[in-house]
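So the structure is just underneath, and the comments pick up after that.
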Amino acid sequence: MAGDITTIARPYAEAVFERAKEVGQLDAWSQALEMLSAVVGDPQMAEQIANPNVPRERIRDIILEVCGDDLLPEASNLLGLLTENARLAALPEITRLFEASRTADQGVRHVLIRSAFDVSESEQAAVSAALAKRFGGQVEVTVETDSALIGGIEIRAGDLVIDDSVRGKLKQLAHALQF
């Protein structure tokens with residue numbers, strides 16, 4: 001299902017990003033998308049969105065009312081389009097993809113480091129420097145401790161995954177033994 005929502009969200013996110021960049025409103029669009037995602041993600045609102053008996057126009061009007069005058073006129077148009085096409089559930093993914101495009105455009109790569117044990121500041125700095133050199137730009141690192149890895153480290157940067165964890169090696173071994 002996650003892949004489906006990404007497929008739906010991607011063209012919207014790309015169009016919004018290009019427009020926001022064109023008019024120099026990346027920050028304003030970022031705030032607008034975050035606000036819309038928060039409203040749509042509210043459990044009560046999500047229930048109304050999923051209810052086929054509530055007219056789409058009514059849902060759009062409620063969201064516009066909640067957002068108030070803070071919403072960009074073009075973001076209101078996007079909201080209308082998403083409402084009309086029953087795509088409101090894609091808003092959080094549109095927001096995520098927009099932010100990913102914005103970060104990539106600024107030359108910053110988000111990297112998630114998962115380790116079985118705590119990673120010291122000096123180790124984080126060393127890994128950040130190595131990844132910045134590899135990717136040729138700035139790296140923003142988030143570190144998580146995950147004892148399920150058993151040992152070692154897993155690094156995720158977008159589609160790139162470097163799995164040097166014991167759990168990953170065990171999975172590779174199990175896969176190899178199946179053939």
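The values are calculated or read from the model by the stated rules, or taken from the named source; none is laboratory data. Quick caveat: nothing in here was measured; it's all calculated off a predicted structure. FYI the Cβ positions are ideal-geometry reconstructions off the backbone, even for glycines, and counts take in every protein chain you see. Protein only, heavy atoms only, side chains kept; ligands, DNA and RNA dropped before computing areas. Shrake-Rupley method; radii C 1.70, N 1.55, O 1.52, S 1.80 Å.
Computing FRET efficiency as 1/(1 + (r/R0)^6) for Gln25 and Ile62, where r is the C-beta to C-beta distance and R0 is 30 Å, gives about 0.75.
Spin-label model, Asp159/Asp146: points 7 Å from Cα along the beta carbon direction are separated by 2.0 nm.
Springs join every pair of Cα atoms under 10 Å in this Gaussian network model of the chain, and among Ser101, Ser120, Ser128 the largest mean-square fluctuation is at Ser120.
To put it simply, the accessible area of segment 1-155 at a 1.4 Å probe is 51 percent carbon and sulfur.
Placing +1 on the Cβ of every Lys and Arg and -1 on the Cβ of every Asp and Glu, with no other charges, gives segment 1-74 a dipole of roughly 240 debye about its Cα centre. Computed over all pairs of different Cα atoms, the Kirkwood value for the hydrodynamic radius of segment 1-113 is 14.5 Å. Given R0 = 25 Å, the distance between the Cβ atoms of Arg134 and Ala100 translates into a calculated FRET efficiency of 0.85.
As a test of the formula, what do you get for the chain when each DSSP H run with n ≥ 4 contributes -39,500 (n - 2.57) and the sum is divided by the residue count, at 222 nm and rounded to the nearest 500 deg cm²/dmol? Helix contribution divided over all residues of the chain: -20000 deg cm²/dmol.
In this structure the chain gives 61 Å² per residue of accessible area when probed at 1.4 Å with all protein chains present.
Using C-alpha pairs below 8 Å separated by at least 6 residues, the relative contact order for the chain is 21 percent. Electrostatic tally near Ile8: other residues with Cβ closer than 10 Å to its Cβ, Lys and Arg +1, Asp and Glu -1, net 0. Summing Cβ point charges (Lys, Arg +1; Asp, Glu -1) relative to the Cα centre of the chain gives a dipole of roughly 700 debye. A Cβ-based charge dipole, computed about the Cα centre of segment 102-179 with Lys and Arg at +1 and Asp and Glu at -1, lands at about 260 debye.
With the charge dipole of segment 70-168 set up from +1 on Lys and Arg Cβ and -1 on Asp and Glu Cβ about the Cα centre, the Cα lying farthest toward the positive end among the listed residues Phe117, Ser128, Ala148 is that of Ser128.
Under the combined filter of DSSP loop state and at most 15 neighbouring Cβ atoms within 10 Å, segment 95-179 retains none of its trypsin sites (Lys or Arg not before Pro).
Computed over protein heavy atoms with a 1.4 angstrom probe, the accessible surface ordering of Phe117, Phe135, largest first, is Phe117, Phe135. Inter-label distance, Ala174 to Ala126: 3.1 nm, where each label sits 7 Å from its Cα along the C-beta direction.
Its residue count N sets the reference 2.2 N^0.38 Å, and the alpha-carbon radius of gyration of segment 44-179 equals 1.52 times that reference.
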